[in-house]
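Following: one structure in structure tokens, then a few remarks.
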Amino acid sequence: MLDTESERTDLRDDACALQVWGFPVIFAQRLRLRFTDPSSPHSQRPSTSAGAPLNCLGHQRELSNPTLTAGVAPNVDTLYSLAFVDLASGTFELRLPDFGTRYYSVQIGEADSSTNMVVGQRTHGSRIPQITLFRPTSAPTEVADGWIACRSRFVMIAIRILVDPSRGGDMNTVNELQNHIVLSGPPTPPAARADLALSNVDRSDELRRPVEFLAALDQAIGNLADSDVPSWVGKAYRRLVDALDRDAPEHDIASGLQTGLGDIAAQVKSMGRIVNGWAINDAGADFGADDLLRAAVAYSQIYINPAAEASYPVCEQDEEGRQLDGSNNYTITFGADQFPPADYFWSLTVYHAQGLLYANELDRYAITDRTPGLKHDKDGSLTIAVRTTRPSDETTPNWLPCPPGEFRLMLRIYGPRPGSWSPPPVNREE
């Protein structure tokens, strides 16, 4: 038992700090387990999922919809081809076809939710050379072209390919491109006992229950490079484990975990700079030592691209700082010369507060630069109606349905051009 209030406060502080640091690491681990499904790795996946067994490449054959709940803030612009690979089993080679002028990218994500690198149309044009992924046991003196050294044991390979719904048959064209992507490497290993155990733990429990949180954190840390784990993390983890061994009340640790979650959620509203109610993270995936920024990004949009590849402004408040809520009606107006400055594409997507797509009568989850039938004003501007109920027939073409409760908006700007452009405010109709 704990003897003093000071000791209890220390436990709460340790738990809060570990939640902030560990949230992205545990969530990245959870994504791997959800997509690889160690208890049934070869089971049939829905067409909206790119899940596949460990060390295998899976293909998303249809754009995301509300049935996809494996991650957070899925996009409805690109199809994914996805693999989680175990570099402890060997090296992996990736070969891609020629994409012509179509946007595509290959992201290599580390197990701490950071991005190792992104290559694709921006860096190589229509086709990239073969990529080889490996995990060095020591720092290599020289790495050959195309060889990518990864820090983590488990690495994510995420290939995004743009789909244009306004072009008939474009989905089939992208599916055929996916068929020509080849990942070579060691086969799927037998499921690890620890992965099987973790895959049966509820996500809410590993966030909020001390025993489950510490077990998930311990497993995740073991798959990271030593250099990615600050020394204080191990010490704080040990103090919490020792406290539980001494029968310390779990509620003090649980309270700290909940405080950490609250800090992360609050940071989502103010990531980077705030302009017209939008939180704009100019650092992209370059988190540095900012643990809270890394956690907030994972909370709202895990595994984002570097800033040179894409920008992801997030909005949870209207022009007066009030929480976005579907009990109100909103409009967003892009001036004729004030559309998102994207070399490749842009989109505006609406999500539940938890980061999932909203099922609606139009099956419309975003308005994009490829959305057919939008109605522009005479001056060339575009006003988008964000609301739960159907507007008048005149504005229905520009209707972006939102949930009846709290929600968030996300802009995606791929190939962001340099300059001082800012998203317009979200105006609440009175």
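Quick check on segment 135-150. Is at least one of its residues within 23 Å of the chain's Cα centre (by Cα), surrounded by fewer than 15 Cβ atoms within 10 Å (Cβ to Cβ) and within 19 Å of ALA308 (Cβ to Cβ)?
No, there is no match, as no residue in segment 135-150 is within 23 Å of the chain's Cα centre (by Cα), surrounded by fewer than 15 Cβ atoms within 10 Å (Cβ to Cβ) and within 19 Å of ALA308 (Cβ to Cβ).
Quick one: how many residues across segment 159-185 are in contact with a helix residue (DSSP H, G or I) (Cβ under 9 Å, 6 or more places away or on another chain) and not small (Gly, Ala, Ser)?
So the answer is 7.
State whether the residues of segment 252-260 include one that is buried (at least 17 other Cβ atoms within 10 Å of the Cβ), in a loop (DSSP other than H, G, I, E, B) and under 20 Å from the mean Cα position of the chain (by Cα).
no
Which of the numbered conditions does THR132 fail, given that it passes all the others? Conditions: (1) in a strand (DSSP E or B); (2) surrounded by fewer than 20 Cβ atoms within 10 Å (Cβ to Cβ); (3) out of contact with any Asp or Glu (no Cβ under 7 Å at 6 or more places or on another chain).
(3) is the only condition that THR132 fails.
Look at segment 54-105 and say how many of its residues are of a type in the set (S, T, N, Q), within 22 Å of GLN121 (Cβ to Cβ) and either out of contact with any Lys or Arg (no Cβ under 8 Å at 6 or more places or on another chain) or in a strand (DSSP E or B) (or both). Spell out how you get there, then give the answer.
Keep residues of segment 54-105 that are of a type in the set (S, T, N, Q), which gives 55, 60, 64-65, 67, 69, 75, 78, 81, 89, 91, 101, 105.
From what is left, the residues that are within 22 Å of GLN121 (Cβ to Cβ) are 60, 64, 75, 78, 81, 101, 105.
Narrowing further to those that are either out of contact with any Lys or Arg (no Cβ under 8 Å at 6 or more places or on another chain) or in a strand (DSSP E or B) (or both): 60, 64, 78, 81, 101, 105.
Of the residues in that region, 6 qualify.
Counting just the residues of segment 100-129 that are out of contact with any strand residue (DSSP E or B) (no Cβ under 7 Å at 6 or more places or on another chain) and under 19 Å from TYR303 (Cβ atoms), which one comes out surrounded by the fewest Cβ atoms within 10 Å (Cβ to Cβ)?
Across segment 100-129, the extreme among qualifying residues is THR123.
Hey, could you check segment 196-210 for residues that are surrounded by 15 or more Cβ atoms within 10 Å (Cβ to Cβ) and either more than 16 Å from PRO24 (Cα to Cα) or among the aliphatic types (A, V, I, L, M) (or both) and say which is nearest to the chain's Cα centre (by Cα)?
LEU207
Residues being outside any loop (DSSP other than H, G, I, E, B), in contact (Cβ under 8 Å) with a residue 12 or more places away in the chain and out of contact with any Cys (no Cβ under 9 Å at 6 or more places or on another chain): count how many of those fall in segment 393-430.
Final tally of qualifying residues: 14.
Select, from ILE332, ILE274, the only residue that is free of Cβ contacts under 8 Å to residues at least 24 places away in the same chain, under 29 Å from GLU429 (Cβ atoms) and either assigned to a loop (DSSP other than H, G, I, E, B) or not aromatic (Phe, Trp, Tyr) (or both).
ILE274
Run down ASP242, ASP247 and say which single residue is part of a loop (DSSP other than H, G, I, E, B) and either under 20 Å from the mean Cα position of the chain (by Cα) or exposed (fewer than 14 other Cβ atoms within 10 Å of the Cβ) (or both). Give the derivation first.
Numbers: ASP242 fails: part of a loop (DSSP other than H, G, I, E, B).
Being part of a loop (DSSP other than H, G, I, E, B) and either under 20 Å from the mean Cα position of the chain (by Cα) or exposed (fewer than 14 other Cβ atoms within 10 Å of the Cβ) (or both) holds for just one of ASP242, ASP247, which is ASP247.
Report every pair of residues separated by at least 6 positions or lying on different chains whose Cβ atoms are under 7 Å apart, first residue within segment 235-263 and assigned by TED's automatic domain parsing to the domain that holds ALA216, second of a type in the set (Gly, Ala, Ser) and part of a loop (DSSP other than H, G, I, E, B).
Partner pairs satisfying both residue conditions: none exist.
Where in segment 139-236 are the helices (runs of 4 or more DSSP H), entirely inside, with at least 3 residues that are at pLDDT below 95? Let's see the steps before the verdict.
Working: elements: 170-179, 193-199, 203-208, 210-221.
Filter on segment 139-236 gives 193-199, 203-208.
The values are calculated or read from the model by the stated rules, or taken from the named source; none is laboratory data. What you are looking at is a predicted structure, and each value in this text was computed from that prediction instead of being measured. Cβ: placed from backbone, ideal geometry, glycine included. Neighbour counts: every protein chain shown.
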